[in-house]
Amino acid sequence: MAASSRAQVLDLYRAMLRESKHFSAYNYRTYAVRRIRDAFRENKNVKDPVEIQALVNKAKRDLGIIRRQVHVGQMYLTDKIIIENQEKPRT
């Protein structure tokens, strides 16, 4: 993978993770983060530049979907579930 392509993929990975952490619903948030990590790990050994570009284009479309879903989720907020309300222990 070329250096610019690698940087583009890493930027896209970070952007998808960052955006998916804005989901208001815990289940959507954890599923999105897990799914993004799994998808990028699954395709980390792809060497074909054409296939890499196709995967990058798909990830860009998915990032747009994540952004739209975050906005929709923020319009219809729900109460937090118990697992989200637990305070972290102080150290």
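General observations
- H71 versus R35: modelled label distance in nm, points set 7 Å from Cα along the beta carbon direction: 1.9
- Coil-residue trypsin sites (Lys or Arg not before Pro) of region 1-82, DSSP, other Cβ within 10 Å capped at 16: K21, K44, K47, K80
- For the chain: relative contact order, % (alpha-carbon pairs under 8 angstrom, 6 or more apart): 42
- Label separation (N57 vs S5): 1.4 nm, computed from points 7 Å beyond Cα along the C-beta direction.
- Carbon plus sulfur fraction of accessible area for region 1-71, probe 1.4 Å, in percent: 53
- Computed [θ] at 222 nm, deg cm²/dmol, the chain (DSSP H ≥ 4; -39,500 (n - 2.57); rounded to nearest 500): -24000 deg cm²/dmol
- Rough spin-label spacing in nm, given labels placed 7 Å along Cα→Cβ, for H22 and K44: 2.7
- Charge tally in the Cβ shell below 12 Å around K44, where Lys, Arg are +1 and Asp, Glu are -1, K44 excluded: +2
- Here the chain is assigned +1 on the Cβ of each Lys and Arg and -1 on the Cβ of each Asp and Glu. Its dipole about the Cα centre then comes out at about 160 debye.
- Averaged over its residues, the chain has an accessible area of 82 Å² per residue, based on protein heavy atoms and a 1.4 Å probe.
- When you filter the GluC sites (Glu not before Pro) in region 1-82 for DSSP loop state and at most 13 other Cβ atoms inside 10 Å of their Cβ, nothing is left.
The values are calculated or read from the model by the stated rules, or taken from the named source; none is laboratory data. Since this is a predicted model, take the numbers as computed values, not measurements. Don't worry about glycine lacking a Cβ; one is built from the backbone with ideal geometry, like all the others, and counts go over all protein chains shown. Side chains are part of the model used for accessible areas, which takes the heavy atoms of the whole protein and leaves out ligands, DNA and RNA. Shrake-Rupley method; radii C 1.70, N 1.55, O 1.52, S 1.80 Å.
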